[in-house]
Amino acid sequence: MRKILFLILVLNCLLFSQTEIFLQITKNLFEKANIYLIFKVEKNDFFEKFINTFSKDLEYSGYFKVNGIKLTDNIEKTKNEIKEQMIITGEKRDEIIDIKVEDGIEGKIIFENNYKLSYQPVYLAHTICDDIIEKLTGKKGIAKSKILFVCDKTGKKQIYMIDYDGFNLKKITDFDFLIGYPRYFEGNDILFVSYEDGWPKISKMNILTKELKTLIAKPGLNACVSVSKKTKEIAVVLSQSGNPEIYVTNFDGEIKRRLTYYNGVDSSPSFSPDGKYITFVSDRSGKPQIYIMDKDGYGTKRISFISNYNTSPLFSPDGNYIAYIYLDTSGYGLAIYDLNTQKTRTISGLNCEEFSWAPDSRHIVYSKTGKNQSLIIFDIFTGESRKLISGEYNCLSPNWFLFD
């Protein structure tokens, strides 16, 4: 009896250990969980496109390594033949597909849902992947995300939009005047810097109706907007006082308060996700450095000490990091400041000039310098990268977002 109890105890410990390993891998951002896909579906173009897209979405998420895909008439039998950390099964039932994610060691179901097959296969794959990512990690998935950027593909710089995986490239604007720095606002609206009247102002445009409106147009410079959905405010750089200073407006472009008062350059504000803090660039110490202040302009603290040139700080969507560009002898790199540990990690050799966080707070998209500026997707934890747009033309000022 004691021997049996001992064996049961050992077995339970082993199972617990395996589960702990699984949980550690899914929570450790530097590792990936091995996964196998099993589907009981019809062999047709719809499901071929769905499965291919779904597999790429899982890989692109950065959390998984897909070790195999199998179509079967018997899911349970096939599962018993597969030994992986995780197994995803999909079974078509009438006009829906049942999706399950299981712990491959214990067989415990950790995600289950069914989806209508009335969606397009690509959108269906994106939706399922994002649901799985959010359930398992607590963070937003990126499969349905979009990226705004400026490109000179037609010979003049215009704003384009593309899916996160490089598909569905669309030209959003067709203006004769200079434009730049697109930012997603809300609904179907975007903000950007417009030189329609020969000087920089902030314009708002609906990407569906093409309705254009001037939002902020104070004397001098109007640039570098950051939107806080939480507080319904916009941080912006204005030079109406003589120097570039940081102000906060409401969503109608009306100034609520001025945050900085420095006889130099304060620029590139970025709201924290909760709207309580703003990070920005200032040369008040003699060189461009990165600072944090509260939303009313108080409690200013410098966080960059790695270079004499630092710029373009951005809060991550989860509020855990501030990333910024720095310059050293190897060129432009990316610094990741951890707000919890107050430590900075550097990623050199990227040659990045502008970047934007993905909604998952683990990927960035950046414009890479070279003969032409291309857009690169980069995982800040694994170091993996992929080219989003080829270097046939110049692509810059990316902004990664999810539609509201």
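The values are calculated or read from the model by the stated rules, or taken from the named source; none is laboratory data. None of these values were measured; they are calculated from a predicted model. Glycine gets a Cβ as well: all are built from the backbone with ideal geometry, and neighbour counts include every protein chain shown.
Here are some notes:
- Looking only at segment 133-162, and only at residues there that are more than 19 Å from Ala358 (Cα to Cα) and not hydrophobic (A, V, I, L, M, F, W, C), the one that is surrounded by the fewest Cβ atoms within 10 Å (Cβ to Cβ): Gly155
- Residue in segment 390-398 that is in contact (Cβ under 8 Å) with a residue 60 or more places away in the chain, touching a helix residue (DSSP H, G or I) at 6+ places or on another chain (Cβ under 8 Å) and not basic (Lys, Arg) present: no
- Of the residues examined, Phe50 is one that is assigned to a helix (DSSP H, G or I), modelled with pLDDT of 95 or more and not polar (S, T, N, Q).
- Counting only strands (runs of 3 or more DSSP E) wholly contained in segment 351-404, the ones carrying 1 or more residues that are surrounded by fewer than 16 Cβ atoms within 10 Å (Cβ to Cβ) and not hydrophobic (A, V, I, L, M, F, W, C) occupy 385-389.
- Checked against the criterion of being polar (S, T, N, Q), farther than 26 Å from Tyr63 by Cβ and not assigned by TED's automatic domain parsing to the domain that holds Tyr60, segment 378-389 has no qualifying residue.
- Hey, Thr209 assigned by TED's automatic domain parsing to the domain that holds Pro273 and in contact (Cβ under 8 Å) with a residue 60 or more places away in the chain or not: no
- Among (1) over 14 Å from the mean Cα position of the chain (by Cα); (2) at pLDDT 95 or above; (3) within 24 Å of Arg183 (Cβ to Cβ); (4) not basic (Lys, Arg), the one test that Thr154 misses: (2)
- Candidates Ala33, Ala125, filtered to the one that is modelled with pLDDT under 95, surrounded by 18 or more Cβ atoms within 10 Å (Cβ to Cβ), aliphatic (A, V, I, L, M) and within 21 Å of Arg386 (Cβ to Cβ): Ala33
- Condition check for Ile25: at pLDDT below 95, surrounded by 14 or more Cβ atoms within 10 Å (Cβ to Cβ), touching a strand residue (DSSP E or B) at 6+ places or on another chain (Cβ under 9 Å) and outside any strand (DSSP E or B): yes
- Condition check for Phe192: surrounded by fewer than 15 Cβ atoms within 10 Å (Cβ to Cβ), of a type in the set (A, V, I, L, M, F, W, C) and closer than 16 Å to Cys395 by Cβ: no
- Where strands (runs of 3 or more DSSP E) sit wholly within segment 55-147, those with at least 2 residues that are assigned by TED's automatic domain parsing to the domain that holds Glu31, within 27 Å of the chain's Cα centre (by Cα) and aromatic (Phe, Trp, Tyr) occupy 109-116.
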